[in-house]
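Only one structure is covered here, and it is reproduced in the block below.
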Amino acid sequence: MKALPLALVLLPALALSASSQPGRISALLIPMDPSSESSGVQMESYMNDALGNFASYAVRKPRDLFGLPDDPAAQASFQRAKKGYEESVKAFEAREYEDAERKVRATLKELDGSVAAMTSCFPLCDALALHGAILQLRGDMEEAKLLLIDLMALNPTFELNPKRFSREFISLRVQVATSRTSQLRGSATFKSRPAGARVYVDGEPVGYTPLTLPTLPVGKHLVRMERPGFRQFGQIAEVTPDDVDVVASLVPTATYKAYDAQLDKVIPDVSRGSDKPANAVVSLGRSLSLDRAMVGTVRVIPERGTELAVGLFDVKSGKRLGSRKLVLQGDEYGQLKSEMERVVNQLINSEGEQVQKKRDPLDNRNGAEDWGSEDRGGNSRQSVKKHSGDDPLDDVSGTEDW
């Protein structure tokens, strides 16, 4: 038998591989008023997470579409700060305390402008401890205590290296930790333009702007704000017993600017329920290299809640594959995520059965799906069998209708 060329042997496999490539999809929500900007970003995030459960799609999240660029100035300042800290430690361990203090002060000044590049309190916490130890050796106890307050606000569990720091300084840290000053709390409000930036305080995510945290420990805190399509923002916030505001003006990327310029044309396609091709959605989807687009609008309706109108579109044809409209009542009990998962599942399933990567048999069930309007006791619509015995619960396990 004559051997077939390798290309002919591989052709069916290549065709099968190409046909099984997942379609690129993203959920994009358009805020219709300032009040809905923050909730819209959060809902959009939950929807994209839910899309990740479907094996037939490759999800492109806003971060992939628009980027989340670093702050170049912050990166450069961070590198100088790390080098300055290393030089400060060398001078301190050589007992050249005046030189060490000069270098650590310069390091702390660099760190003021490098928060956007910091993912932990290193080397800020280490530099504060070093500076405090120098001041304690010099006899400036009150200034040393203030630096320790800042250190504990940033990282309450920060450990002082006994090989580097004296017993007296470690004891001073314990004294400060048990003082009334360290127990003080203050309120901080975080805002951004535009709203909807995710806020990190001391490396931990705490919510989306606008946001108020009423019980932060007094002292310094690392604040970072991120929103896809904008340059990262960072600042060292000084929390006091009085209210503190941290406001960020976010700088958009060129890709996000181009996306934002198309939104006014897209809104009518989302709100219109006709079968006409959604040409504006097609243009938007192609500019973002998508095959499917889940595009919606979000608006606050006073005394009712937040209205979400969303459609699933085929970018190639502009056809609307499904749509949903509902009013949401907030996220007081963490229900917003499950609501968005339900919306995504309904829209995806409206265009045909899909295979999910993971499946919980109880997903999207509230336990009362089989209750009829006249039967709230859990019986199905099927007739209930009559029992000949005296006990009506004979041969009933309680799980027949699950």
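Each residue, Q75 and A55, gets one label point 7 Å from its Cα in the Cβ direction; the gap between the two is 3.8 nm. Put a dot 7 Å past the Cα of T157, heading toward its Cβ, do the same for K316, and the two dots end up 5.2 nm apart.
Considering only I236, V251, L222, and ranking their Cα positions along the charge dipole of the range 213-258 that arises from unit charges at the beta-carbon of Lys, Arg, Asp and Glu, the one farthest toward the positive end is V251. The Rg/Rh ratio for the range 133-259, using Cα coordinates for both the radius of gyration and the Kirkwood hydrodynamic radius, is 1.10. Peptides 280-286, 325-331, 296-302, 210-216 ranked from most to least packed by the mean count of surrounding Cβ atoms within 10 Å: 280-286, 296-302, 210-216, 325-331. Along its three principal directions, the equivalent ellipsoid of the range 209-348 from the Cα gyration tensor extends over semi-axes of 36, 21, 12 Å, largest first. Mind giving me the FRET efficiency for K90 and Q175? R0 is 35 Å, r the Cβ-Cβ distance, nearest 0.05 is fine. So, using R0 = 35 Å, E works out to roughly 0.75.
Neighbours of Y200 by Cβ distance under 9 Å: Lys/Arg scored +1, Asp/Glu scored -1, total -1. Once the Cβ-Cβ distance of S166 and S350 is raised to the sixth power relative to R0 = 60 Å, the FRET efficiency obtained is 0.30. Sketch the reach of a paramagnetic label on A261 as a point 7 Å from Cα along Cα-to-Cβ, and name the residues of the range 194-236 whose backbone nitrogen lies under 20 Å away. Answer for the range 194-236: 194, 229-231.
When only Cα pairs below 8 angstrom with a gap of at least 6 residues are kept, the range 269-335 shows a relative contact order of 30 percent. Remark: spin-label model distance D275-R105 equals 7.7 nm, labels positioned 7 Å along the Cα→Cβ axis. Using the Cα gyration tensor of the range 240-321, with a ≥ b ≥ c the square roots of its eigenvalues, what is the shape: rounded (a/c below 1.5), prolate (a/b larger than b/c) or oblate (neither)? Here the range 240-321 falls in the oblate category.
Pairs of Cα atoms nearer than 8 Å and 6+ residues apart set the relative contact order; for the range 106-220 it is 25 percent.
None of the figures in this text is laboratory data; all of them are computed from the coordinates on show. Just so it is clear, the structure is predicted and the values come from calculations on it, not from any experiment. Positions of Cβ are generated from backbone atoms using ideal geometry, with glycine treated the same way; all protein chains shown enter the neighbour counts.
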